[in-house]
1. May I ask you to evaluate 6.51 cos²θ - 1.76 cosθ + 1.60, the Karplus curve with θ = phi - 60°, for each residue of the stretch 44-57 and list the ³J(HN,Hα) values in order in whole Hz, giving x for glycine and proline?
2. Which value, in Å³ per residue, describes the convex hull spanned by the Cα atoms of the chain?
3. When the chain is modelled as a GNM with alpha-carbon springs shorter than 10 Å, which of 19, 148, 109 fluctuates the most?
4. What list of ³J(HN,Hα) values in whole Hz, one per residue of the stretch 27-42 in order, does the Karplus curve 6.51 cos²θ - 1.76 cosθ + 1.60 (θ = phi - 60°) give from phi, with Gly and Pro shown as x?
5. Kindly provide the Kirkwood hydrodynamic radius of the stretch 60-103 in Å, to one decimal, from all pairs of distinct alpha carbon atoms.
6. Evaluate the distance, in nm, between pseudo-label points positioned 7 Å from the Cα of residue 54 and of residue 77 along their respective Cα→Cβ axes.
7. Looking at the stretch 93-160, what % of the alpha carbon pairs are farther apart than 15 Å?
Amino acid sequence: MAETDFARHDHSTCIATGLARAERICAARALRLTPVRRRVLEILLGAHRAMGAYEVLEQLRADGRAAQPPVAYRALDFLVEHGLAHKIERLNAFVACANSGREHAPVFLICRACGTVAETGWQPLAGEIGAAASARGFDVEAVVAEALGTCPNCREATAP
């Protein structure tokens, strides 16, 4: 399973790989990856941090699109619904999915200094949460696991 981390790298590879994966997923599911949906995903893939809907909307407008808030929200809802992005509840923001096309419930590591979000491959339902739920006869529908801290880049930048 793919994971994201805090390593500095060329985002163009992330963008190209993520868009190609999204196109394959949408084609296989007979979904429309409209130009706006594609651009919103591209924005999220290039950011590697959680972005609010209005921040995405500002980028769409900067691209010359006459976008209104519902346009951004509909595109984000589509991406989340189809597993191409995740909503980071703590921040009321969105991040591109590192494992699109797979059923998963990852843990997100959120840097409180720079806002970068890393998606882990850890599966809460496969561990203690799943075991505790099963022992009680509980069917888990969703798990949102978000850890707040400081990434290695920010820690390094503030080190004496």
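1. 5, 4, x, 7, 6, 8, 6, 10, x, 4, 6, 5, 5, 4
2. Looking at the chain, the number lands at 133 Å³ per residue.
3. 148
4. Working through the residues one at a time gives 5, 5, 9, 6, 9, 9, 8, 5, x, 5, 4, 4, 5, 4, 5, 4 Hz.
5. 11.4
6. So the two model labels end up 2.0 nm from each other.
7. Percent of Cα pairs beyond 15 Å in the stretch 93-160: 61.
Read the figures in this text as sums done on the coordinates, not as results from a lab. Being a predicted model, the structure only gives us computed values, none of them experimental. No Cβ is skipped: glycine too gets one built from the backbone with ideal geometry, and neighbour counts run over all protein chains shown.
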